[in-house]
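The structure appears below as structure tokens.
Bear in mind these aren't lab numbers, they're just calculated from the coordinates by the rules spelled out. Remember, it's a predicted structure, so these values are computed and weren't measured experimentally. When we count neighbours, we look across all protein chains shown, and the Cβ atoms used for this are built from the backbone with ideal geometry, even at glycine.
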Ligand SMILES: [Zn+2]
Ligand SMILES: [Zn+2]
């Protein structure tokens, strides 16, 4: 595993992030269990570490997401949770913006809303007015 740190101000935190990633890999298959990563992130934060939003970019050629039986939708491009965690396999604008939407608390539209990035398949780059309002409300 080759982990590169993009956080210039907190580079001493890199071993903690490496440990989270290593602990989230299932068996020898290089499948990343994002739920395990998230659980361990909470444990790390309980010790006062990594108190900020964490964005991890994993090598899409080497890592897939583990498909746990409890998960209904299989993550392909990335995952994002409101507790401040994004793990990305792909960096196209749609998936980055979609997962960052989850990171700030947006959920998928159910039923789908035409033309919004927060549909499950994230096939556009734009947020609908409802999602924009939710984001603006936070500020
Ligand atoms: Zn999503
Ligand atoms: Zn929307």
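Couple of notes before you dig in:
- Based on C-alpha pairs under 8 angstrom that are at least 6 apart in sequence, the chain has a relative contact order of 14 percent.
- Kirkwood hydrodynamic radius over Cα pairs of the chain, then Stokes diffusion coefficient at 25 °C and 0.890 mPa s, in µm²/s: 155 µm²/s
- Rounded to 10°, Cα long-axis angle of helix 14-23 versus longest principal axis of the chain: 80 degrees
- Tilt relative to the chain, helix 129-138 - C-alpha long axis, 0 to 90 degrees, to 10: 50 degrees
- The simple Förster model, with R0 at 41 Å and r as the Cβ-Cβ distance, assigns residue 112 and residue 9 a FRET efficiency of 0.55.
- Bridge orientation summary for the chain: considering DSSP beta bridges with both residues in this region, about 50 percent are antiparallel.
- In degrees, nearest ten, helix 93-103 long axis to first principal axis of the chain (Cα): 80 degrees
- Rough spin-label spacing in nm, given labels placed 7 Å along Cα→Cβ, for residue 67 and residue 23: 2.7 nm
- Highest mobility in the GNM of the chain, judged by mean-square fluctuation with C-alpha springs under 10 Å and restricted to 53, 27, 80, is found for 27.
- Panel order for 81, 86, 126, by other beta carbons found within 10 Å of each beta carbon, from fewest to most: 126, 81, 86.
- In a fully extended conformation the segment linking residue 123 and residue 94 would gain 9.8 nm over its present Cα-Cα distance, using 0.36 nm per residue.
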